[in-house]
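The values are calculated or read from the model by the stated rules, or taken from the named source; none is laboratory data. These numbers come from a predicted model, not from an experiment. For neighbour counting, all protein chains shown are included, and Cβ atoms are generated from backbone atoms with ideal geometry for every residue, glycine included.
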């Protein structure tokens, strides 16, 4: 999680100007519970770790990063809590067009 300057505490789309663009090194902040193979019991929460494509700017000025899956699943809840969302996941569709080279 990253904090931004106090003057950016009121979320707006222009607040994203102060947040660096996401890179391949940015990872999803969501955690998940997995089931231990063969036992049926839950492992402790583990970080998702997928590449981040969604940035949530919280009213506190902090940011959370999410993969497309978690970002889309949590978007309505985050917005209801006052977050502003920047969704850069469209790049995934651009990179998966038929005939696109890998």
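Got a sec? Which of 11, 20, 44, 98 is modelled with pLDDT under 90, in a loop (DSSP other than H, G, I, E, B) and in contact with a strand residue (DSSP E or B) (Cβ under 8 Å, 6 or more places away or on another chain)?
11
Being at pLDDT 90 or above, exposed (fewer than 10 other Cβ atoms within 10 Å of the Cβ) and over 10 Å from the mean Cα position of the chain (by Cα), is that true of even one residue in the range 48-63?
Checking the range 48-63: not a single residue is at pLDDT 90 or above, exposed (fewer than 10 other Cβ atoms within 10 Å of the Cβ) and over 10 Å from the mean Cα position of the chain (by Cα).
Does any residue in the range 74-98 that is on the phi > 0 side of the Ramachandran plot and surrounded by fewer than 14 Cβ atoms within 10 Å (Cβ to Cβ) come within less than 8 Å, Cβ to Cβ, of a residue that is part of a loop (DSSP other than H, G, I, E, B) and at pLDDT 90 or above six or more places away or on a different chain, and which pairs are these?
82/58; 82/59
Can you tell me which residues in the range 59-93 are part of a loop (DSSP other than H, G, I, E, B) and either closer than 12 Å to residue 27 by Cα or touching a helix residue (DSSP H, G or I) at 6+ places or on another chain (Cβ under 8 Å) (or both)?
61, 67, 89
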